[in-house]
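To start, the structure under review is shown below, and the notes come after it.
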Amino acid sequence: MRLAQKRWGLPAAEIARIFRHADVCAYISELYDLLHLSSYDRALDDVENHLAAKKCSPCCRTDLKTSTVF
């Protein structure tokens, strides 16, 4: 979360909402063996790809602002 916060320039609460909305923790736990072998930057790249696939990219957060999931 801290690397995402730094890279995306968003507050921690916003990162937490994005991660919750896209179930990032479950994604990371499923792929932990692969992700922990790479750098934090590569792991965040994978998370960004996951977010893009779920249409929850932090670059276009309008979907998150109108979502009722939160």
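Please treat every number below as a calculation from the coordinates, not as lab data. These figures come from a predicted structure and were not determined experimentally.
Laid out as a table, the results:
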{"item": "Computed lengthening from ARG20 to ASP45, 0.36 nm per intervening residue step minus Cα-Cα distance", "result": "7.3 nm"}
{"item": "Length added when fully stretched, ALA53-MET1, from 0.36 nm per residue minus Cα-Cα", "result": "16.8 nm"}
